[in-house]
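Asker: Dropping a structure here in structure tokens format, bear with me for questions.
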């Protein structure tokens, strides 16, 4: 078993075991039994909307990178494959699989494709931290901000800003010489993927799409809490969204299982959401993504004429080019 996957499974197992010491499984079952189907259905629909909007945003970023025409549905299929890998096959495919599929079908170098995804991730982080501080500075929080939460948000914000500035500097500086001469081809390909950072209009459009994406995500948190009988203020939805989004980046089982549940229980407690209901809501949020990315990710592979095995071989070839 891959070491990263094994570590993630172990972390999730420990966290879930600790959660069971705090939350009665029977109460979680009762929460599901009392959930309102209409709000649950809306939550599932909103999650599909979030994923689809991310495909549209990635298309905007890719349009700014010079390369040939891409097959219809490729952006959508590759993105869903990436989430399929992240949620179901961590450390095997994920973003490398997404990039490999897009690169193979479009002709855009893999490093350039990865650069567009890195740009997206940094914009995501910047927008999330900005949303967090809008809530904090508005005085909408019903509690004093814990030191760990403020420190985490500040660190994430500074890291995202530094990353974006660093990428912008590299994108404008051009190809590197000297000691990196042997890597020139890969450097130039990566620089082509950073083309969006040289266009203020593309940056603005990307930020606007990102703000819309996370607004819909926050709305889905509100709907799932309503399904369990807990109308949540917008501030609560934003805080849960921001903290959980950064938290699940840590090693864990598919979908951030264990980590996402703990974060949701802790973050929603000041708003009076019982631990059992928060746990149930978190499980729905995780399922809402898996529900879409598994069938649509596999359907995308079929539509693009590929397979998990072929994609894994492509990823392995990129990781170990000397063996090719």
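The values are calculated or read from the model by the stated rules, or taken from the named source; none is laboratory data. Just so it is clear, the structure is predicted and the values come from calculations on it, not from any experiment. Here the Cβ is made from the backbone with ideal geometry for all residues, glycine too, and neighbour counts use every protein chain on show.
Asker: Against the condition under 23 Å from residue 289 (Cβ atoms), in contact with a helix residue (DSSP H, G or I) (Cβ under 7 Å, 6 or more places away or on another chain), at pLDDT 80 or above and assigned to a helix (DSSP H, G or I), how does residue 135 come out, does it pass? Show your work before the answer.
Answerer: On the way: under 23 Å from residue 289 (Cβ atoms): no; in contact with a helix residue (DSSP H, G or I) (Cβ under 7 Å, 6 or more places away or on another chain): yes; at pLDDT 80 or above: yes; assigned to a helix (DSSP H, G or I): yes.
No.
Asker: Quickly run through the range 250-309 and pick out the residues that are closer than 23 Å to residue 17 by Cα, in contact (Cβ under 8 Å) with a residue 60 or more places away in the chain and part of a loop (DSSP other than H, G, I, E, B).
Answerer: Within the range 250-309, 250, 251, 252, 258, 274 meet the criteria.
Asker: Same structure, new question: Which ranges mark the helices (runs of 4 or more DSSP H) fully within the range 1-86 that have 1 or more residues being within 21 Å of the chain's Cα centre (by Cα) and modelled with pLDDT under 90? Let's see the steps before the verdict.
Answerer: On the way: elements: 3-22, 25-34, 37-63.
Passing ranges, in order: 3-22.
Asker: Against the condition closer than 20 Å to residue 240 by Cβ and either at pLDDT below 90 or out of contact with any helix residue (DSSP H, G or I) (no Cβ under 9 Å at 6 or more places or on another chain) (or both), how does residue 142 come out, does it pass?
Answerer: Yes.
Asker: Another question, if that's okay. For the range 2-17, state whether one or more residues are in contact (Cβ under 8 Å) with a residue 24 or more places away in the chain, in contact with a strand residue (DSSP E or B) (Cβ under 8 Å, 6 or more places away or on another chain) and crowded, with 20+ Cβ neighbours inside 10 Å.
Answerer: yes
Asker: So, one more: For the range 106-132, what are the residues that are farther than 17 Å from residue 156 by Cα and either in contact with a strand residue (DSSP E or B) (Cβ under 8 Å, 6 or more places away or on another chain) or assigned to a helix (DSSP H, G or I) (or both)?
Answerer: Initially, the range 106-132 is screened for residues farther than 17 Å from residue 156 by Cα, giving 106-117.
If the condition is that a residue be farther than 17 Å from residue 156 by Cα and either in contact with a strand residue (DSSP E or B) (Cβ under 8 Å, 6 or more places away or on another chain) or assigned to a helix (DSSP H, G or I) (or both), then 106, 110, 111, 112, 113, 114, 115, 116, 117 are the ones that fit.
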